[in-house]
Structures are given as structure tokens and as C-alpha cells.
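Each remark here refers to the structure printed beneath this line.
The values are calculated or read from the model by the stated rules, or taken from the named source; none is laboratory data. These figures come from a predicted structure and were not determined experimentally. Cβ coordinates were reconstructed from backbone atoms using ideal geometry, including for glycine residues, and neighbour counts include every protein chain displayed. Note: areas computed on protein heavy atoms with side chains; ligands, DNA, RNA excluded. Shrake-Rupley method; radii C 1.70, N 1.55, O 1.52, S 1.80 Å.
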Amino acid sequence: MHLQLLAIAVISSIIFFLCRRRRLPVLLLDYSCHLPDPERRCTLDLFEYICLRSRLFNPESSSFMTSIFCKSGLSKETYTPPYLFQPPLLLSSKHPLAIQEAEEGLFAAVSSLLNKTDVPPEKISHLIVACSMFSPTPSLTSMLVRQFGFTDSVKTYNLSGMGCSGGTTCIDLATRLLSQNHGYALVAVTESNGINWYFGNDRNMLIPNCIFRVGSAAILLTSDPTLRDSAKMEILHTLRTHHGTDDSAYKAGYQMEDADGNLGIAISKDLVRVAAVGLKRHVSLLASQVLPLSEIARYAFKVVLSYMRGNRKAIASHVPDFMKAFDHVCIHAGGKAVIEAMGKSLQLGNDVMEPARMTLHRFGNTSSSLVFYELAYLEAKGRVKEGDRIWMLAFGTGFKACTIVLRVLKDSSIDSANPWSHCVSRYPIS
């Protein structure tokens, strides 16, 4: 397996250098992450009250969710959707509250971003929105066009079902569009948590209730080279892989009805293993694009030497040192176990995984927007410096993996719109 991955990496490296063609550089001008109102904070007491008030969970399920909440690594400051604050008799009216949730997050993030960048809506040539679990008609892109007055010629893309990789997938799509022609692309990512809360007693479907929380982000990209001095970062590489041909990968996160007809997302017990296998395949392709030749040679030498010695256990333990290519990592914080498994699989230290762990603690799993909250954490800490390279890595149902590689064009500084501005001094926590 490792020799196959090594061969793929070498061949991919040759093809990459031979076939790459000149394209327009794509710049990340700025981004904004939504900070919900303090009244929406989801403490353990509130979480337990919501479960008891619904009268839809048996005692075993309520106890199980409390246990998961306490072990999840989430703080009492994450945010829950407006749907869960409604009186019990109104909980059956989901759609209007799903619209409200989407509008609150998307409108706030986009408005903040346009104000920060001083780019008028008329200049936006591409509008891309990702929301995995809510796809209304008219679409979420239409909602934004109407709210902000984008022009008749704006090209809109509405992505659903992409899971937690939706945000990075949007950046990949925007990069491909902008690399061919000058323009601006506005990316907005959110998730609809309220409409997808599960009210049943299947344990695999109860887990999302415990870890998914409210969050949205907006990102503005351009291929106008005259704006390089005002841009924060440049997109260097993108990579997407799909591992859905494997049944266990395809069903690692699966929307379904339980035996009583209650709709929800079932999280497979195999998820961590599936993520680790998908990650190995993904990074074997990524290595050729980002690692220096000296690190590729070092890795290849170790693998071949172990193979010649017949030491299969040693082969499995060899991993390229990706910190030779990156200064920071924003890896999707899908859950405490996922973070630990990814860190172990890539042999990344606790300091490298800190943004993921702290973001999970402060905001929970906000799905496709999560990696941008991690980036905001790094900026709030003042760690992002000119010339640094940042690796964004997110996973989605299906099973998908998506990488975005960024190069920092200027030293970071915290602004009042940063979602960490009021609390970053308390982090990191142990």
C-alpha cells in the first residue's frame, strides 16, 4: 500500500511539473466569520433542558447525549440555532426558522466582509454558497442577490450535500473560475442546524445534536493583480479527492430515517478509520505539489529501506513531514476523536493542532465554515506572518477531502470583526 502511494506521489510530481500551465493568480482579499448573539449560547443546562422539554427522547438517550456533550471538547459558549429556542408547540414549524438561521449567518458574514473590503456588490462576478443540509427554493444565492443587490450578470452557484468540506470546495471552485478570467468571487458558507436536529433514540443519529453548532463565513477572492498589495493571501494549490466507491466511506455520515421515521444524520462508528484512510490517499497526491524534493527523497528512502528489510510495521509508521511545507495547519475539527486521529496519522504535534482543538472548544463543529474560524484564531494570536504557508484541510460526507494551500502576503492583525477578538486571551486552554 505504501509503495503504491509512493509511486503515485512520484508520478503525480512529474505530471504536475510537466503539465502545469500559466494561470491568473487568485488572491484572498479578506474573510469574515459570523459571531452569533450571546443569547444563543448553548450551555449544558440549556442543552439538557431542550432535550427534556421536547419529551421525544427516552432517559437512556438523554443520558447518552449528556455524556457525549461532556466528553466532546465543546465549551458552554458555542451557539445553537433559533429553532431550538421556540416554544414546544412551534417546533413543528421548521422551514421559516431555517430561513431565519440562514439569513442571520449569511447576511451578517457577507455584510461584514463587504464593509471591510470596500468592494461594492456590483463588482462581484461569481457568487458561491455552500449549505449541505438546507437547499430552499429560491436558493440561498438568490437570497443574497436580493439582499445585497448583485448585478444581473453575476454567476451564482449553490452547493449542497458537500458536508463539512463545503467551504474549501467553494474556494477550489472559485479559484478555478478566477484563474481563467479577471473578476471577483464571493464565497459564503453556512449550515442549517435547527432543521436537522434529530428527535429520536438511535445513538448513531444523536451524536450530531451534541457537536454541531451555528457558524457562517464569507470569503472574497479576486484575480485582479492590481489588488495584490491589499490582499491578505494568495491561493497556491487546491486539491480535491473523493473516496465514495468504498461503502464504509460512503456511509460514514449518512442522512436517513430511523425505525420510527425520524430523519437525521447517522455517524458511523467507522468514521475515524475512514477519515484516516481517506487522508492517507489524499496526502499522497498532495505531497508532490507541496513538499520540497529533499523531504520527498527522505520519505522515499525510509519506505524503500523498510521494505527491503521486510519491516511492514515500520513502513506503515513512515509519514512525510508536512511541516516542511507549511507553517500553520487549519484541519477540520469534526470532533475530539477526529482531531486526535488526524494529528496521529500525520504525526502533527499539539501545537500544530491547537487551532482545531481551540475552535472546537469555542465554537463547536460549525461544518463547512469551521476552518475559517481556525484561520481567524491564528490571526487573532498574531501568528500569521508574511511568507507563511497555511494548509486548510476539510472532510465531507461521501467521503470527500479538500485541501487549500495559502501563502500569506502580509502580517496578520486582529480586527474588531474577528470572532475571537473578545476571548482569544483565554486561549489556548489545556
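Observations, loosely collected:
- Residue match in region 51-61 (condition: modelled with pLDDT under 90, over 21 Å from Ser139 (Cβ atoms), in contact with a Ser or Thr (Cβ under 8 Å, 6 or more places away or on another chain) and not basic (Lys, Arg)): yes
- Pairs, first within 14 Å of Leu186 (Cα to Cα) and of a type in the set (Phe, Trp, Tyr) in region 144-155, second modelled with pLDDT of 95 or more and surrounded by 14 or more Cβ atoms within 10 Å (Cβ to Cβ), C-beta under 8 Å, six or more apart: Phe148/Val110; Phe148/Ser111; Phe148/Leu114; Phe148/Pro121; Phe150/Pro121; Phe150/Ile124; Phe150/Leu127; Phe150/Leu144
- Of all residues in region 170-222, those being under 22 Å from Ile124 (Cβ atoms) and outside any loop (DSSP other than H, G, I, E, B) number 21.
- Screening region 46-63 for residues that are under 30 Å from the mean Cα position of the chain (by Cα) and aliphatic (A, V, I, L, M) and picking the one that is nearest to Asp202 (Cα to Cα) gives Ile50.
- Residue match in region 143-165 (condition: at pLDDT 95 or above, of a type in the set (Asp, Glu), open to solvent by 10 Å² or more (accessible area, probe 1.4 Å) and in contact with a helix residue (DSSP H, G or I) (Cβ under 8 Å, 6 or more places away or on another chain)): no
- Considering region 380-390, and only residues there that are outside any loop (DSSP other than H, G, I, E, B) and either more than 13 Å from Val424 (Cβ to Cβ) or in contact with a Lys or Arg (Cβ under 9 Å, 6 or more places away or on another chain) (or both), the residue that is least open to solvent (accessible area, probe 1.4 Å) turns out to be Ile390.
- Residue in region 315-330 that is free of Cβ contacts under 8 Å to residues at least 24 places away in the same chain and either farther than 25 Å from Pro81 by Cβ or open to solvent by less than 10 Å² (accessible area, probe 1.4 Å) (or both) present: yes
- Filter pass, Leu106 being open to solvent by less than 20 Å² (accessible area, probe 1.4 Å) and not in a loop (DSSP other than H, G, I, E, B): yes
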